[in-house]
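Written below as structure tokens is the structure these notes are about.
Read the figures in this text as sums done on the coordinates, not as results from a lab. The structure presented is a predicted model; accordingly, all values stated were derived computationally and were not measured. Virtual Cβ from ideal backbone geometry, glycine too; neighbours counted across all protein chains shown.
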Amino acid sequence: MKLYNAKTKFLEMDLKGCVVLNHLLHSKSIAAFFKMISRLGNGVFWYVMIIATWLLQGLIYSLQMLYLVLGSTIGTILYKILKTKTSRPRPYQVHHQLICLGEHPLDYYSFPSGHTLHAVMATILLGYAVPLLLILMLPFTILVALSRMILGLHYPSDVVIGAVIGATVAISVISLAPAFNISL
């Protein structure tokens with residue numbers, strides 16, 4: 001009975017967090033801003049950061065891009081497995097009377113947030129290679145995570161777990177680099 005109550009309490013808090021953030025959509029300027037952030041988080045921002053890495057550090061960092069591709073591949077595999085295994089509907093689908101859809105999703109299920117997973121993973125990997133880029137990437141990553149909840153696409157737990165998976169993948173890739181005698 002205690003486990004049921006704890007789970008119910010957690011789900012209520014998760015929904016409440018989503019509802020509070022989603023209400024920011026009532027402002028047209030906030031809605032437009034977070035739609036733009038979400039779209040940039042689809043890949044455009046990260047492509048610019050990859051180009052910035054090459055420009056700032058030269059082609060010596062081409063190997064690090066392989067690590068980014070490896071991390072992205074691992075992250076995508078984990079993300080797709082979790083999405084299909086959990087089949088968690090998105091907040092706007094379940095709570096349409098409380099949560100407005102601010103942007104159309106790229107796929108059907110909510111858990112975990114792929115945008116957040118990839119934003120955190122790319123920030124850690126690219127930031128490790130070129131710490132100067134963290135000035136742009138850290139705030140953007142936080143905005144991407146917020147955008148997913150504000151737009152009614154994810155619960156806070158989806159975003160937190162996406163961030164944890166992204167960080168775990170990135171740290172794993174960085175820690176495995178010395179095992180292959182390659183500096184990252």
Size descriptor, Kirkwood hydrodynamic radius, that averages inverse alpha-carbon separations across the stretch 66-128, Å: 13.0 Å
Taking the chain as a Gaussian network, where each spring joins two C-alpha atoms under 10 Å apart, which residue of F111, F34, F45 fluctuates the most? F45
From the list [x] 1.02; [y] 1.08; [z] 1.04, can you say which value of Rg/Rh (Cα atoms, Kirkwood Rh) was derived from the structure given? [x]
Which residue fluctuates most in the GNM of the chain (Cα springs below 10 Å): I124, I37, I77? I77
I want to verify a result. In a Gaussian network model of the chain, Cα cutoff 10 Å, which of these has the top mean-square fluctuation: V159, V94, V120? V94
For the residues R90, R39, R148, what sequence is obtained by ranking on other C-beta atoms within 10 Å, fewest first? R39, R90, R148
Alpha carbon centre of the stretch 129-178 versus the stretch 1-54: separation in Å? 12 Å
With -39,500 (n - 2.57) per DSSP H segment of 4 or more residues and division by the full residue count of the chain, the 222 nm estimate, nearest 500 deg cm²/dmol, is -23500 deg cm²/dmol
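Does the stretch 105-168 classify as rounded, prolate or oblate by the C-alpha gyration tensor (a ≥ b ≥ c root eigenvalues; a/c under 1.5 gives rounded; else a/b over b/c gives prolate, otherwise oblate)? It would help to have the intermediate numbers written out before the result.
Working: a/c = 2.62, a/b = 1.87, b/c = 1.40.
Cα axes put the stretch 105-168 in the prolate bin.
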0 to 90° range, to nearest 10: angle between helix 114-129 axis and the chain longest Cα axis: 30 degrees
Give me the one-decimal nm value for the distance between modelled label points at S29 and L11, 7 Å along each residue's Cα-to-Cβ direction. 3.9 nm
